[in-house]
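Worksheet: the structure to be examined is printed underneath.
Just so it is clear, none of the values below were taken in a lab; they were calculated from the coordinates. Here the structure is a predicted model, which means the values were calculated and not measured. We place every Cβ from the backbone using ideal geometry, glycine too, and count neighbours over all the protein chains shown.
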Amino acid sequence: MAEKRAQFGTRLGVIAATVGSAVGLGNIWRFPYECGTGGGGAFLAVYILFVFLIGVPCICAEFSLGRSSRRGMPGAFRISGARKQWGFLGYAAILAAFMILAFYAVVAGWTLEYIIDSATGLFRDTPNSDRHAQFTGFISGWKAVLWTIVFLVINGLVMIGGVEKGIERVSNILMPILFLILIVFCINSLTMEGASEGLYFLFHPDISKLTPDVVLGALGQAFFSLSLGMGCLVTYSSYFADDTPLIKTSMQIAALDTLVAVLAGVIIFPAVFSFGMTPDQGPTLVFEVLPNIFHSMPGGSFWSFLFFLLLALASLTSIISVSEIIVAFLVDEFRMGRLKATMIITCISLVTGTLCSLSFGPLKSLNLFNIFDFTSSNILMPLGGLGVCAFVGWQMRRSDFTAQMKMNSKVPAFIFDYISIGIKYVAPAAILIIFIAGLF
Ligand code: PHE
């Protein structure tokens, strides 16, 4: 007899786990630097437009696919009447998940080192002029590998617990803590002298900053941040109860994920401006610029400890969602036990994660970190997003889709139309643009 499929226990658990997947390094590390280099308010405006115009329909597409099939990747594509060829999208998603797992664990590992360095006062004792050398020295060495391993092992331990007792329970605990830390930080940031300059930068859209690059960056960021295009939300929704309202949940996730990104901006930009720095430093913004700021702040060690703790917790709930894509695949397709599936994934990612970490040191010439980042974010995720929208929009039975969308909720006709048109036309067209532009 087939084993009963796991399910999230409560509606709050669904939100905590799914928002936990969405909120991660993407919001607190990637969003501020993308927004900082993309001109601030202009980037934010386009980003929010994409989240609701393209992101929400894509979330709904993934949800309807996952819950109607009660399968992860690639099983979700094998619903009755669909051609077999669609399955390759599912395998692409598994590949993308392995790649993200590897490089995400590296950056998440850095946050652990920073937590320790804040607690031991190493940051306080390092002069700002040595900050860059300290960071590059750390990421190129074996200590960074060690933290990558530690993070992957913690991830493995949560995964063994299962959907309800592992993922849901951890998300239920971590997400409220995360929101609490965010709010404490915002208050601190807003009371800084010169905060208004940072807020002006974040919220004042200067249209002249909108270049094609910025627009594409915003679209890619929306995909990454909402965990779209690689079956993560397909997998999670395959564990949703029948009475979870999909459209409402998709809007809540989009709203909360965007809120966290905006709050991260509210935390970082006022600090950047009050300490006379520039917001366009790129990926090192959080790891080099912020420690400089913490260094000069009263109680800096405490704030930096709290900040990197926030980043680590957010990364954990995201990385478990990436691992779940592969666990579900092994459990569904090979009838493997959860424990064995988790062990296999952890062993493989210990190797790939180590290789990614060493991409900043001895393996610079191979640079697997960049290859994985580029291939997953710029090729596999857009391709997957396009595929899911095309599949749900054009292959899935219309009545199945409508039933999923309307189950247990009254959906106004215009909202339903916005979602359907988004899935069929708007999202695929937009994704096609990022995909082609991403390649060049
Ligand atoms: N959304 C996560 C973040 O913002 C990253 C992620 C991507 C998680 C894809 C799952 C799948 O950090």
What is the P(r) of the chain, as percent of Cα-Cα pairs per 10 Å bin from 0? 5, 22, 33, 26, 11, 3, 0
List the trypsin sites (Lys or Arg not before Pro) in region 290-374 that DSSP assigns to loop (not H, G, I, E or B) and whose Cβ has at most 15 other Cβ atoms within 10 Å. Which are they? R335, K364
Give me the percent relative contact order of region 306-440, please, defined on Cα pairs under 8 angstrom at least 6 residues apart. 21
Along Cα→Cβ, 7 Å out, is where each label goes; now give me the distance between the ones at T278 and T211 in nm to one decimal. 1.3
Note, F275: beta-carbon cut-off 12 Å, +1 each Lys/Arg, -1 each Asp/Glu, net -2
Relative contact order in percent for the chain (Cα pairs under 8 Å, 6+ apart) equals 37
Select from region 119-204 those GluC sites (Glu not before Pro) which occupy a DSSP coil region and have at most 12 other Cβ atoms within 10 Å, ordered by residue number. E193
Find the centroid of the Cα atoms in region 138-215 and in region 99-115, then give the distance between the two in whole Å. 12
Set the Förster radius R0 to 30 Å, insert the Cβ-Cβ distance between I173 and S409 as r into 1/(1 + (r/R0)^6), and round the FRET efficiency to 0.05. 0.60
Greater than 28 Å separation of Cα atoms is the criterion. Which listed pairs, K340/K424; K4/K424; K248/K424; K84/K165; K84/K410; K209/K248, meet it? K340/K424; K4/K424; K84/K165; K84/K410; K209/K248
Relative contact order, percent, region 180-272 [alpha-carbon distance under 8 Å, six or more residues apart]: 70
Treating only the Cβ atoms of Lys and Arg (+1) and Asp and Glu (-1) as charged, compute the dipole magnitude of the chain about its Cα centre; round to the nearest 20 debye. 1580
Rounded to the nearest 10, the angle in degrees between the Cα long axis of helix 41-50 and the longest principal axis of the Cα atoms of the chain comes to 10
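For I415, what charge total do you get from the other residues with a beta carbon under 11 Å from its beta carbon, if Lys and Arg give +1 and Asp and Glu give -1?
Residues close to I415 contribute a combined charge of +2.
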Could you work out the local net charge near G40, counting Lys and Arg as +1, Asp and Glu as -1, over the other residues with Cβ closer than 14 Å to its Cβ? -3
If r is the Cβ-Cβ distance from F416 to Q85 and R0 is 30 Å, what FRET efficiency results, to the nearest 0.05? 0.55
Which of the lysines could a cross-linker span from K364 if the Cα-Cα distance has to be under 17 Å and same-chain partners fewer than 8 positions apart are dropped? K143
